[in-house]
1. Residue check: is Gln155 under 29 Å from Val52 (Cβ atoms), crowded, with 18+ Cβ neighbours inside 10 Å and modelled with pLDDT of 90 or more?
2. Does segment 302-326 hold any residues that are without any contact (Cβ under 8 Å) to a residue 24 or more places away in the chain and surrounded by fewer than 16 Cβ atoms within 10 Å (Cβ to Cβ), and which are they?
3. Hey, could you check segment 97-122 for residues that are closer than 15 Å to Tyr17 by Cα, of a type outside the set (Phe, Trp, Tyr) and in a helix (DSSP H, G or I) and say which is farthest from the chain's Cα centre (by Cα)?
4. Search segment 269-287 for residues that are surrounded by 13 or more Cβ atoms within 10 Å (Cβ to Cβ) and pair each with any residue that is at pLDDT below 95 and not in a helix (DSSP H, G or I) when their beta-carbon atoms are under 7 Å apart and the residues are at least 6 apart or on different chains.
5. Residues in segment 332-360 that are in contact with a helix residue (DSSP H, G or I) (Cβ under 8 Å, 6 or more places away or on another chain), more than 17 Å from Ile309 (Cβ to Cβ) and outside any helix (DSSP H, G or I): how many?
6. In this structure, does His265 turn out to be under 30 Å from the mean Cα position of the chain (by Cα), surrounded by 14 or more Cβ atoms within 10 Å (Cβ to Cβ) and not aromatic (Phe, Trp, Tyr)?
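The values are calculated or read from the model by the stated rules, or taken from the named source; none is laboratory data. Note that the coordinates shown come from a computational prediction; the quantities given were computed from them, not determined experimentally. Note that we place each Cβ from the backbone using ideal geometry, even for glycine, and neighbour counts take in every protein chain shown.
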Amino acid sequence: MHIEERKVTVREVTEGYFNDAEEGVVGYDEQLDIRPKYQREFVYKDKQRDEVIRTVMKGLPLNVMYWVDRGEQYEDDPNEPRYEVLDGQQRTISLCEYVDGLFSVDDRYFYNLPGDQQAQILDYELFVYVCEGTDSEKLEWFRIINIAGEQLTDQELRNAVYAGSWVSDAKRFFSKTKGPTKDIGANDYLKGTAIRQEFLETAISWAASAEGKSIEGYMAEHQHDPSAVMLWNYFCSVIDWVKAVFPKYRKEMKGLPWGLFYNEHHERRDLDPKALEERVSALMADEDVQKKSGVYEYLLTGNEKALSIRAFEQRTKRAAYERQGHKCAICGEEFEFEQMHGDHIKPWSRGGHTTPDNCQMLCRDCNLKKGAQE
């Protein structure tokens, strides 16, 4: 890992400044990618933004900023900026916007200031650490530095490490608030937001899992691909499959690991949407099912634990314990109350409910054996 400390003036950073809501933000004579395409938009509030300008006006130091030197990636595509801001995006945009005359501080725009005060701002030196190294070195370093201001997400860190044509194209699909994911109705199934790269992270994690890879491994493999169409096509297949198998949308479907379900079950021919909807409806209405979002996992995998079936109340178990004379209902041995477990006489999976008349107390061993048989 090579880390270089630099002093860069505001004048240099604001040279060639360009800001587009979707196409990104560049500066430093178009050699600095201040906000890559389709990454999160400017999030500083006016008060924070103004304090950055006041700090510079007073000649006080701002926190250190971090840039990434794209190195070989830049040499492969010199039309792209050589550097990318890892930390300091908000402060950099605040300075550029002020010098560009887009807002005032204390009722003074930059162009209202006397020449010497303008020069003081433009000649102000920013302390920047520029890093260049292997992907693993950069990722580790990015995770441990003390990020000032708005915390970067794990995926934003990965985007910096594996920056290239593939990541840029993937952001086109997954990182726009009103982009392609919204167009196909996928936002209803995803948790998080597009602008913080959570949609992109989810899509990559699903695709990586299908290939037995980690997110980092998948991104490393595709870093220099010219486009991310393959990832997008996979993602669309996941959403199409969900809509076909479970056509009635419910809020409980949001944020489930649909890609993982798709990877394991999309080739099954026994998934009847009409029959599944009937079961979904029944389970949603079942008072014993405590975790409604687990209904879909249960129907696909049979994992009853996903439903968090309502357990017997303490008083119900105590009544059964006394009724049984402190003995296990199966082996007949006597146990302390704390050594026994409340059990459904008729299992929930066979129509039994969590009611007093369906409760029996079993010792630990008998409870485990009965659970295994069910």
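1. For Gln155, the condition - under 29 Å from Val52 (Cβ atoms), crowded, with 18+ Cβ neighbours inside 10 Å and modelled with pLDDT of 90 or more - is not met.
2. The answer is Gly302, Asn303, Lys305, Ser308, Glu313, Gln314, Arg315, Arg318, Glu322, Arg323, Gly325, His326.
3. Ranking the candidates gives Leu122 first.
4. Going by the 7 Å Cβ cut-off, the qualifying pairs are Leu283/Val289.
5. 1
6. So His265 fits the description; yes.
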